[in-house]
1. What does the extension gain come out to for SER199 and TYR39, with contour length at 0.36 nm per residue minus their alpha carbon separation?
2. Principal axes first, then extents: for the Cα atoms of the stretch 264-326, list largest minus smallest coordinate on each axis, whole Å, largest first.
3. Which number do you get for Rg(Cα) / (2.2 N^0.38 Å) in the chain?
4. Can you give me the relative contact order of the chain as a percent, contacts being Cα pairs under 8 Å and 6 or more apart?
5. Return the sequence-ordered ³J(HN,Hα) values of the stretch 214-225 in whole Hz as given by the Karplus equation 6.51 cos²θ - 1.76 cosθ + 1.60 applied to θ = phi - 60°, using x for Gly and Pro.
6. Amide H to amide H under 5 Å from LEU158: which residues, 5+ apart in sequence or cross-chain, H placed 1.01 Å off N in plane?
7. Dipole magnitude of the stretch 207-340 about its Cα centre, charges +1 at Lys/Arg Cβ and -1 at Asp/Glu Cβ only, in debye to the nearest 20?
8. Sort out for me the Cα centre separation of the stretch 125-164 from the stretch 1-80, rounded to whole Å.
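Each reported figure results from applying straightforward, stated rules to the coordinates on display, with no laboratory input. Note that the structure is predicted; figures quoted are calculated from it, not measured. Cβ placement follows ideal geometry from the backbone for every residue including glycine, while neighbour counts extend to all protein chains displayed.
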Amino acid sequence: MRVLGIETSCDETAVSVVEDGRRILSNVIASQVEMHARYGGVVPEVASRQHVLEMVPALEEALGRAGLDWGGLDAIAVTNGPGLAGALLVGVNTAKALALSTGLPLMGINHLEGHVYANWLEDADPESECGFPLMCLIASGGHTDLLLMEDHGRYTLLGRTRDDAAGEAFDKAARILGLGFPGGPEVQRAAQDATGEMSLPRAWMRGTHDFSFSGLKTAILHAARKEGIYPPQEDTPPDARLVREMAYAFQMSVADVMAVKTLEAAHKHGARGVMLGGGVAANAMLRQVLREKSTLPVFIPSPRLCTDNGAMIASCAYFRSSQGVGDGWDMDVYPSLHLG
Ligand code: KG4
Ligand code: ZN
């Protein structure tokens, strides 16, 4: 079964063709990052308009690279939440138009569940290697959710952030340190040659599976103020060594808490393996810390499949379709959709 997956929930116009849920035939991602970097964050109206411009070229490229025409597809899948309403509408209306004109089935996919399925797109297969239940941490720009995946399509939400999402915290920390947007990759780059001499607090939220990153954000803000890094000085560039050490300390604090709490939950709930997903799962330190600490098998998609893409949407649709899930013309967008 070949599924076309469309993803426009935020700032990537992404279209992919995936065969049988696991084999990527094409994966086109038109990123708007440079456009939004000028504003220091994603501007919803700009994102929607850019999806309108990028959508048809992305569709043509995805089909072309897969070596297929419309007759070679079996279903059209699209992210219908959560995300920016205007951005989601572009993808959903495109998918409806395609389903109407080709007669193919239409499937609305939860973006967060898509991030889970990025774990099925490479060599490893969490289901056959471990089996359910699997513990899954989805950490993106808008979410930090700890989910117990009991089967395909069956999730229990065990914990979530009480304030900022992990990716949002990275983006804010980068702004405080005078680094670029998006913050995650910039903080990671800045932290590369740090010695690790500085440390920042960790919010453990003991007795719960929840997370909190706002205290850490305040801590890095105070440290940056004390060292004269924030607010930025027009004529004096910030001390590169201090920025490096603060970026490292911030990243270590986030990675440590996320890894420890994910493993705690995994053991408590009898998970057979641990999976990561979402843009923050691209973080090298988080990947390393989780792998070092875990006694359970760990699955983490390649960095390019952690951030938003259409392949994860197509993969999720394949696994959902075997359960007979499909949508009609009344399918809407759900900006606050959750999972579990
Ligand atoms: O999943 P994603 O691409 O989009 C959303 O669904 O939100 O996640 C984007 C988030 C951004 O906040 C970005 O800063 C963060 O993922 N991110 C990273 C890294 N790459 C992207 N955070 C930490 N380290 C990275 N290498
Ligand atoms: Zn995402």
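1. On the way: separation 160, 0.36 × 160 = 57.60 nm, distance 3.02 nm.
Residue separation times 0.36 nm, minus the Cα-Cα distance, leaves 54.6 nm.
2. 39, 28, 14
3. So the chain has a normalised radius of gyration of 1.00.
4. Details: 759 pairs, mean separation 87.3, N = 340.
26 percent.
5. Along the stretch 214-225, the couplings run 6, x, 5, 4, 5, 4, 6, 5, 4, 4, 5, 5 Hz.
6. Long-range HN contacts for LEU158: LEU146, LEU147, LEU148.
7. Numbers: 13 positive and 13 negative charges, 116 e Å.
Here the size comes out at about 560 debye.
8. Each part reduced to its Cα centre gives a spacing of 24 Å.
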